[in-house]
1. Go through region 102-125 and give me each residue that's assigned to a loop (DSSP other than H, G, I, E, B) and more than 15 Å from D76 (Cα to Cα).
2. Looking only at helices (runs of 4 or more DSSP H) that lie completely in region 1-92, which have at least 2 residues being out of contact with any helix residue (DSSP H, G or I) (no Cβ under 6 Å at 6 or more places or on another chain), in contact (Cβ under 8 Å) with a residue 40 or more places away in the chain and surrounded by fewer than 18 Cβ atoms within 10 Å (Cβ to Cβ)?
3. Given the residues L61, L77, L43, L90, which is the only one that is over 20 Å from E22 (Cβ atoms) and at pLDDT below 90?
Amino acid sequence: MKPRPVMLTFSCHPQDVAVLREASGPQGPVFQAVGSLVEVAHLAATRRPAAVFLGAGDDTLGHLDVIRTIHAVRSDLPVIVIGDHDSLELERRARQQTLFYYLVHPVEREEVEAVLRDALRHAGS
């Protein structure tokens, strides 16, 4: 049996993670919560996650800096940012980092399903 792909989550709203899990279904990827940006970078370099979901807001714009590190070691790894709120400045800053996709809290199941499909296809799962 093929192992389920792992997707890392950092600093995401619990409601958004619940939608990610629900949209992926019982046989979908495993969502692993990560405790720090250093751990995100470490796991991206040493494991083969299928994607990274990164929460960011006005007070956590520094989270976006880890994307450069992730892409330095895994240029093919999809990074999806979930913005805390609808903000053109936040989205602009996030998109400067070469994102796979940008979502806004609260995430919607239909959009998440499409993003998950694309991320898994991109990861070759």
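1. Residues satisfying the conditions are H105, P106, V107, E108.
2. Correct list: 14-24.
3. L61
The values are calculated or read from the model by the stated rules, or taken from the named source; none is laboratory data. Because the structure is predicted, anything quoted here is derived from the model rather than measured. Backbone-built Cβ (ideal geometry, glycine too); neighbour counts: all protein chains shown.
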